[in-house]
Amino acid sequence: MNALSAKGLSKKFGRVQALDDCAFTLPEGRVAALVGPNGAGKSTLLSLAAGLITPTSGWIRVHGSGVRGRTPPDVSFLAQRRPLYQDLTVGENMRVLAAMNHRWSQQRVDEVLDLLAGVNRDAKVRSLSAGTRTQVAFALALGRLPRVLLLDEPLSDLDPLARDEALRILMTEVADRGTTVLMSSHLLSDLSDVCDHLLLLDDGRIQLAGDVDDVLAEHRLFVGPAVEQPEVRGTIVSDSRTERQTTLLVRGADGPPPGGWMAAQPDLESLVKGYLRAARERRRASVN
Ligand SMILES: Nc1ncnc2c1ncn2[C@@H]1O[C@H](COP(=O)(O)OP(=O)(O)OP(=O)(O)O)[C@@H](O)[C@H]1O
C-alpha cells in the first residue's frame, strides 16, 4: 500500500507557482529524501501532505484518504519553524500535546529525549537553543506514534552527535513500527545513509521519483578530458569542468563510455548535486 500518493498536485501562492502538476507515490515503510534547491517547493509539499494548506488543484492522499486542511491523526509533521508553545516549559508542551492527541505515548517521548540530550523538562521552550528545540519537537512528533512522519529539515541545527542519534532513532522507528518517513534536507551525506527512496523537486516540479537504487541505476557519471562535449547516448543532465577534466551526469546512458572516458554509477550525493547544478544553470539562464 502507498503511504502517500499525489496526482496533478499544484499550489499557487498569489502569482507564485510553488508546486506544479506533481505526481508521485511513496510506498509504506520507506524512508524518502525530499531534495531540491532553495525555493523548489519542498516545504509546500510537506505542508500539503500534513493538511496545513490545501492544493490549488490536484490531490494528495495518505494511505488512500484525501488530506484537505486537516492533519490525519496518524501523521506527524515536524515543520521548519518547530511548532512548540514558546512560553510553556518542555513538560507543559508535552502535557498539552498529550491532551490533544488520542494517539500518544509519553514513554516514547521520554525515550527519545533521553537518547538525544536529556533535555530539562522545566525549561521554558523560549530559553532553549535552536538545536534543543528541534530535539524536543522531534521527540513530540514521535510521541504521536505516527504511521507517516513528515520532517522538514530535521537535522539542520543539530550538532553532529545529535544528528547521528536522530538518524539512529529514525531507523529504529522504521524498523520497529514500519513508519514511513518523508524528510527534506540539504545534508546529502546524511540522507545517503538512511534513505531508500527519492523525490527530487525543482521549480515546483518533480524531476525524479522512485527507489534510490533504481534511480541511481538509471544514471551514469562520465569522467574524461577537458575537451568539447563527447558523443554520449542518453540525456546529459549537467556537466562540471575543471582545467583537466569534465564530468557529465547522464540519464538513460547505455553502451560503453566514449574512447578516453570512464563511466561509473553515481552515488546519491553526486546524483543530487548534478541535478542541483542543472537547476542553478536553468535559473541563471532565466534571469539573464
Ligand atoms: N506562504 C507563502 N506565501 C507566498 N509564497 C510562498 C509561501 N510559501 C512558499 N512560497 C513560495 O513558494 C516557493 C516554494 O517555497 P518552499 O518554501 O516550498 O520551498 P523549499 O524547497 O522548501 O525551499 P528551502 O529549501 O529554501 O526551504 C518559493 O518561491 C516560496 O517563496
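Please treat every number below as a calculation from the coordinates, not as lab data. Quick caveat, the model's predicted, so the values are computed rather than measured. Cβ sites come from the backbone with ideal geometry, for glycine too, and all protein chains shown count toward neighbours.
The table for this structure:
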{"item": "So T242, is it more than 18 Å from N38 (Cα to Cα) and touching a residue at least 24 places away in the same chain (Cβ under 8 Å)", "result": "no"}
{"item": "Given (1) among the β-branched types (V, I, T); (2) crowded, with 20+ Cβ neighbours inside 10 Å; (3) within 29 Å of N101 (Cα to Cα), index of the condition V35 fails", "result": "(3)"}
{"item": "Residues of segment 1-29 that turn out to be closer than 17 Å to F77 by Cα and either buried (at least 20 other Cβ atoms within 10 Å of the Cβ) or within 8 Å of the ligand (Cβ to nearest atom) (or both), as a count", "result": "3"}
{"item": "Close pairs from segment 2-21: first over 17 Å from S43 (Cα atoms), partner small (G, A, S), Cβ under 7 Å, at least 6 apart", "result": "K7/A23; K7/G58; G8/A23; G8/S57; G8/G58"}
{"item": "Single residue of segment 61-86 satisfying the filter (farther than 15 Å from A3 by Cβ and touching a Lys or Arg at 6+ places or on another chain (Cβ under 6 Å)) that is surrounded by the most Cβ atoms within 10 Å (Cβ to Cβ)", "result": "R82"}
{"item": "Qualifying strands (runs of 3 or more DSSP E) (wholly inside segment 1-110; at least 1 residues being over 30 Å from D193 (Cα atoms) and in contact with a strand residue (DSSP E or B) (Cβ under 8 Å, 6 or more places away or on another chain))", "result": "2-13, 16-27, 57-62"}
{"item": "Of all residues in segment 44-60 being surrounded by fewer than 19 Cβ atoms within 10 Å (Cβ to Cβ) and touching a residue at least 24 places away in the same chain (Cβ under 8 Å), the one that is nearest to the ligand (Cβ to nearest atom)", "result": "I53"}
{"item": "Test: R205 is under 30 Å from A18 (Cα atoms), surrounded by fewer than 19 Cβ atoms within 10 Å (Cβ to Cβ), within 16 Å of the ligand (Cβ to nearest atom) and among the basic types (K, R)", "result": "yes"}
{"item": "Residue pairs meeting the criteria (Cβ under 6 Å; at least 6 apart or on separate chains; first within 16 Å of the ligand (Cβ to nearest atom), in segment 146-167; second among the basic types (K, R))", "result": "L155/R163"}
